[in-house]
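**Student:** I have a structure here, written as structure tokens, and I will follow up with some questions on it.
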Amino acid sequence: MKIQILSVSLLLLLSGTIACKKTPENTDAKYTKNLQKEIVAEDLTYSENGKTFKSFLAFDKSKAGKLPVVFIIPEWWGMNDYVKNRAKQLADLGYIAIAVDMYGDGKVIGNPDDAGKLAKPFYGNADLAKQSFEAALKQIEKNEKADTGKMAAIGYCFGGAMALNMARINEPLKGVISFHGNLMTGVKPTTNSIPVLVLNGEDDTFVSKDEIASFKKQMDSAGVKYEFVNYPGAIHSFTNPDATAVGKKYKLKVAYNEAADKASWKEMITFFNKIFK
């Protein structure tokens, strides 16, 4: 297990620059403390049903008592630096954050063809996401710092779609948030499923107006409490600072949007404040 102790300053969090930082590759344990926070960030390796997972855990060791839990389901790129940095940001806010390894073995995918091949089965078989998610859930339930009565899940792109499915099947969560994720996956929600927040780019070509309309109709019919926020001018992957370069490299309609990134992060915090009362 690799362990890093990182000090994350509030200034970096507010500026949003932490999402651009790379996770250190040094395998030696390091302790960088300040007077206020002691952010622990560590790989979390475990096995379930013959499959090995390598998720990523982050929390503020200096905070007393149990902490609310936020699961983060990554983009289809897997367990890259971006999702790990989001976990550290959430730890800085006072949550136990776990970036969930969905594919197994902590895979990081470098191109859209391979990423698409790995992600596709999860859209066709909802049980795959359920199994990966619940394997991580079992690990959190063992953590003495985790307040398992206050848990939520967020997800980005592919992860946003999977997070919505966790709401539809009523995992033991207080709510879920999708950042620029697909909305309709073929999974029907149970009546009065947990609250949902969708943060969407208004110009996202991967999420059509018809899909949005179908999603809202599905939520309304099932009596699900949901909020839907559209960010003008934002396209797919608007929260990821690396998205613009990726879009140019692979000719994908994805790009970072700083204004939408910051606004959606604030919406997330407001949502957590509501559901974790």
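**Student:** For residues that are under 15 Å from Ala91 (Cβ atoms) and not in a strand (DSSP E or B), tally how many sit in segment 66-78. Before you say what the answer is, go through the steps one by one.
**Tutor:** Filtering segment 66-78 down to residues under 15 Å from Ala91 (Cβ atoms) leaves 66-72.
Now narrow it down to the ones that are not in a strand (DSSP E or B): 66.
Summing the residues that are under 15 Å from Ala91 (Cβ atoms) and not in a strand (DSSP E or B) in segment 66-78 gives 1.
**Student:** Could I ask something else about it? Please state which of the following conditions Phe122 fails to meet, knowing it meets all the rest: (1) free of Cβ contacts under 8 Å to residues at least 24 places away in the same chain; (2) not in a strand (DSSP E or B); (3) not polar (S, T, N, Q).
**Tutor:** (1)
**Student:** Something else now. Pull out all pairs, ordered by first then second residue, where Cβ-Cβ is under 6 Å, the residues are six or more apart or on different chains, the first lies in segment 168-181 and is without any contact (Cβ under 8 Å) to a residue 60 or more places away in the chain, and the second is of a type in the set (Val, Ile, Thr) and not in a loop (DSSP other than H, G, I, E, B).
**Tutor:** Hits for this filter: Val176/Val196; Ser178/Val198.
**Student:** Sticking with this one: Do any residues in segment 105-117 that are of a type outside the set (Gly, Ala, Ser) have Cβ atoms under 6 Å from those of residues that are in a loop (DSSP other than H, G, I, E, B), where the two are at least six apart or on different chains, and which pairs are they?
**Tutor:** Val108/Met79; Val108/Asn80; Ile109/Trp77
**Student:** How many of the residues making up segment 188-199 are buried (at least 18 other Cβ atoms within 10 Å of the Cβ) and either more than 18 Å from Ser214 (Cβ to Cβ) or touching a helix residue (DSSP H, G or I) at 6+ places or on another chain (Cβ under 6 Å) (or both)?
**Tutor:** 7
**Student:** Asp105: out of contact with any Phe, Trp or Tyr (no Cβ under 8 Å at 6 or more places or on another chain) and surrounded by fewer than 24 Cβ atoms within 10 Å (Cβ to Cβ), yes or no?
**Tutor:** no
Quick note: the coordinates plus some simple rules give every number you see, no bench work behind them. Just so it is clear, the structure is predicted and the values come from calculations on it, not from any experiment. Every residue, glycine as well, gets a Cβ built from its backbone with ideal geometry; the counts of neighbours run over all protein chains shown.
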